Ligand code: ADP
Ligand code: MG
């Protein structure tokens, strides 16, 4: 479709409505095949699947296979979803519409077209659940399926990726890709060439988590210069030597502070271009000192720093702050420096997805991020209607002056609703809030279950019961995602254990229990505050009213909510509330919407910025990896070296067998390349940080000129990349000259080219100060204007 036509279409029609009719036209054809397919035995069905060529045939076979294997005959709308996925779109289908099955049929369809598919799941638990759940359907269709989780062994991974369809979380797949990037032998690779990626909950992966870097680090045994900086930062005094901004997100050295630090560092000029690295380190140490609080942001346990994740409220295993910051906190607390090691490589989830020639996905909330999906990934959305119209009643927001008024109102709402037996699900913004609320409710004599993201499988079992009579469930946004909430409870079916919940009386049958709860109005969802995007609000609402069930939702807000205080800080005072503190002023409600739009705008701007910074590095990485692949798979290394150092090559050929020499040259070249790349990444981070600092108004521009920050960054990185390539060539040649190479191969260790003795992976948590965020809030608020 031409650019103009698609733009016109966007203008004239609802997104997705044009493409939908194309899929709808296939439905009669699919229906026409149904009877004949039912007549086939299983073996004949599998044989027919192997021969299926067109989309209608694939859907018809998939429908029959699902009916036999699961006792669920896919609805027409589910097949529309499958067809959208097969066209490389993001299918928007509400929660509970059966996306797992739609996705599996699409995956099988891609396999029939000759592709290999990876299904990106939200977490390990869902990867395994969905692979096992859909297994019998794939079986009937003659498609092999596998899954990877954190505990999979290398052999299991290799087998799983080699299957036609492989399920895995974004981080597990990303870690495998990273580890493969450092493989020194083709036999060590576990992943396959990227082909088709089908992403579940596509908006969370592609928008919310897109910028999260996955990191592979290796032990480097470096000297620990962070200690000195921590000591210097520890001596600085608030207000006199540094200032913390109101939102406690940023810390600035004062002139007096800079002088003290400069003296302590031996009389250097902190703001001179050549001291950029020192200034960066000091800034990080000061952040650790002034802004990160023990027992709030982190725990010190077993001589280690452990992060507390605010949204999940648990110690975040396998998570670290950006590298320098983590080391700075360790230095501040005087604990042993963990092996932060050296970052060998890292990849954002966005770049990970970008590796696949074909991407498609499914989610309940895509339209709200349609622009971004198009801009960053070139993805179009198909809006699939629900199988049964949604009848959930979404009540208007209830707004209060203070957080205390709001909590009172929620408790009294829950009390009166619970008295009727109607189940209630309360969505909180973070775990601290969950716990406070649970405490309040138990004081009020209400017993509830609190989900604290303990572990995904357990959580799924509990959330599945949130629709039981009398259930009260308190949960954060992320908890129990992907789990179906059935009215009347799950009756322990599906893959979940039988958690008990609430004071639900066991009825005669699932049907009777469902009807009983439906008669009470279905599940009532209560939101404890608007999220930073209306899309997340919708995800919470969507937990109720699945498949045409009755249900309701209502959000309780306070003028003190963080969203409002950060994103609409200059909102006019709303005057007195009613007797219970409820605010009815329509202007106040307007402020809430405004704050949410500011937050959405900020996230988009950060995404755009980061995207612009990342693009060049990603291009460079691609170049490097392509080269690395050739080194790994061909004799390019030896050919290159023999060309530049013919005498050395000739000498070696006299004593070293050909194959051994090829391998030695390969290992030397790979080692130098990988070393240099890790160093290059560190350099890139430093350049980026330096440009950031300057954007905050500190010091002169060390690179001169008056370019925009991104342009400046790109210019510098282009220069450094040229240097990187020259360095790699020179160092590789030098190593080839000097390293001992015998019939046993190259002695890399003696040549200082030992591989890291250990590698490990982790996810970088957002920098908790969100400096980008704070800065962007200001400009966006201005941009949107005040009423
Ligand atoms: P989603 O991911 O869209 O929220 P799921 O894939 O988790 O939904 O499916 C929700 C529930 O609907 C599951 O319990 C599943 O068994 C059921 N389901 C899916 N498709 C059908 C169907 N065609 N007929 C009956 N039940 C279905
Ligand atoms: Mg799902």
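The values are calculated or read from the model by the stated rules, or taken from the named source; none is laboratory data. Small disclaimer: the values here were computed from a predicted structure and weren't measured. Neighbour counts run over all protein chains shown; Cβ positions are idealised from the backbone, glycine included.
For segment 580-592, the criterion of being within 28 Å of residue 200 (Cα to Cα) and touching a residue at least 24 places away in the same chain (Cβ under 8 Å) is met by no residue.
Could you pull out the residue among 460, 479 that is over 22 Å from residue 519 (Cα atoms), outside any helix (DSSP H, G or I), in contact with a helix residue (DSSP H, G or I) (Cβ under 8 Å, 6 or more places away or on another chain) and within 16 Å of ligand 2 (Cβ to nearest atom)? Exactly one of 460, 479 is over 22 Å from residue 519 (Cα atoms), outside any helix (DSSP H, G or I), in contact with a helix residue (DSSP H, G or I) (Cβ under 8 Å, 6 or more places away or on another chain) and within 16 Å of ligand 2 (Cβ to nearest atom), namely 479.
Each residue in segment 73-112 was checked for being touching a residue at least 12 places away in the same chain (Cβ under 8 Å) and either more than 16 Å from ligand 2 (Cβ to nearest atom) or farther than 17 Å from residue 26 by Cβ (or both), and 27 of them qualify.
Quick grid of which residues meet (1) surrounded by 14 or more Cβ atoms within 10 Å (Cβ to Cβ); (2) farther than 21 Å from residue 195 by Cβ; (3) within 12 Å of ligand 1 (Cβ to nearest atom); (4) within 34 Å of the chain's Cα centre (by Cα):
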site: 36; (1), (2), (3), (4): no, yes, no, no
site: 50; (1), (2), (3), (4): no, no, no, no
site: 58; (1), (2), (3), (4): yes, no, no, yes
site: 67; (1), (2), (3), (4): yes, yes, yes, yes
site: 86; (1), (2), (3), (4): yes, no, no, yes
site: 89; (1), (2), (3), (4): yes, no, no, yes
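Out of 508, 561, one residue alone is over 27 Å from residue 74 (Cα atoms) and either at pLDDT 95 or above or out of contact with any helix residue (DSSP H, G or I) (no Cβ under 8 Å at 6 or more places or on another chain) (or both). It is 508.
Only one of 179, 158, 129, 116 is within 14 Å of ligand 2 (Cβ to nearest atom), surrounded by fewer than 24 Cβ atoms within 10 Å (Cβ to Cβ) and at negative phi; which?
Of 179, 158, 129, 116, the one residue that is within 14 Å of ligand 2 (Cβ to nearest atom), surrounded by fewer than 24 Cβ atoms within 10 Å (Cβ to Cβ) and at negative phi is 129.
Of all residues in segment 520-556, those being outside any loop (DSSP other than H, G, I, E, B), closer than 21 Å to residue 417 by Cβ, more than 16 Å from ligand 1 (Cβ to nearest atom) and modelled with pLDDT under 95 number 1. Tell me, yes or no, whether segment 655-676 has at least one residue that is in contact with a strand residue (DSSP E or B) (Cβ under 8 Å, 6 or more places away or on another chain), buried (at least 20 other Cβ atoms within 10 Å of the Cβ) and within 20 Å of residue 723 (Cβ to Cβ). Checked against the condition, which is being in contact with a strand residue (DSSP E or B) (Cβ under 8 Å, 6 or more places away or on another chain), buried (at least 20 other Cβ atoms within 10 Å of the Cβ) and within 20 Å of residue 723 (Cβ to Cβ), segment 655-676 yields at least one hit. Selection of segment 94-121 for residues being within 13 Å of ligand 1 (Cβ to nearest atom) and within 20 Å of the chain's Cα centre (by Cα) yields 95, 99, 100, 103, 119, 121. Residues that are out of contact with any strand residue (DSSP E or B) (no Cβ under 8 Å at 6 or more places or on another chain) and modelled with pLDDT of 95 or more were ranked within segment 124-138; the one that is nearest to residue 456 (Cα to Cα) is 129.
Does residue 479 satisfy being within 16 Å of ligand 1 (Cβ to nearest atom) and either at pLDDT below 85 or touching a strand residue (DSSP E or B) at 6+ places or on another chain (Cβ under 7 Å) (or both)? Judged against the criteria, residue 479 is a match. Among the criteria (1) touching a helix residue (DSSP H, G or I) at 6+ places or on another chain (Cβ under 6 Å); (2) more than 16 Å from ligand 2 (Cβ to nearest atom); (3) closer than 22 Å to residue 456 by Cβ, the one residue 143 does not fulfil is (3).
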